[in-house]
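Below is one structure, written out as structure tokens, with a few remarks after it.
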Amino acid sequence: MESDCLVLFAQRLAIDGPQLEMLRDYIACGGSVVALIPPGSAFLNWPGWETEVLGIRSTNRAYGSPGAAIEMAPYADGHPVLRDMGKLRHPGCVTTLPDVDEHTTAVLSASIDDRLEPVAWVRTHGETRSFFTTLGHPSDFQQPAFLQLLANAVLWTSGVPSGTLSK
């Protein structure tokens, strides 16, 4: 299997056997991932995948109210996944992940009850680049800023230098 980036939008998927081994081999060989992560593990038969691939130390999630404004996380200025991204508002309830490893950096945050909570992260670990977000409500896909974010994430995880592709 040859691919520059795997885009994953799955929840509680029960793949096994050759399909799961193909995914594990892809990751082991440095394959990059763009993942939209709803609450709950994406793979029932690989319970540690969030920790191993995305650097999530805890699967506990914090929830906020619907309609949060999304903004750049502290220290994320200039990151390629945020290039040309406009204003984004998340219409659903916000899910955040409170504990990630040292290879993982928040790039977007949501305003929840007078505090900022991360909702999108990048991770570089060895050869593997990962982008993941808890955003992904059906209405998010109607927003140009969200689509730009996903396009940027695919380019960044694939190793395409910022600015080499024109709109």
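Can you work out which of the residues in the range 121-136 that are of a type outside the set (V, I, T) and crowded, with 18+ Cβ neighbours inside 10 Å is modelled with the highest pLDDT? So the residue we want is F131. Residues in the range 74-112 that are hydrophobic (A, V, I, L, M, F, W, C) and part of a strand (DSSP E or B): L88, C93, V94, V100, A106, V107, L108, A110, I112. From the list P80, P161, the lone residue that is without any contact (Cβ under 8 Å) to a residue 12 or more places away in the chain and within 28 Å of L23 (Cβ to Cβ) is P161.
For the range 131-158, the set of residues classified as in a strand (DSSP E or B) and under 13 Å from L97 (Cβ atoms) consists of F132, T133, listed by residue number.
Applying the set (1) at pLDDT 90 or above; (2) out of contact with any Ser or Thr (no Cβ under 8 Å at 6 or more places or on another chain); (3) surrounded by 19 or more Cβ atoms within 10 Å (Cβ to Cβ) to V100 leaves exactly one unmet item: (1).
The values are calculated or read from the model by the stated rules, or taken from the named source; none is laboratory data. None of these values were measured; they are calculated from a predicted model. Note that we place each Cβ from the backbone using ideal geometry, even for glycine, and neighbour counts take in every protein chain shown.
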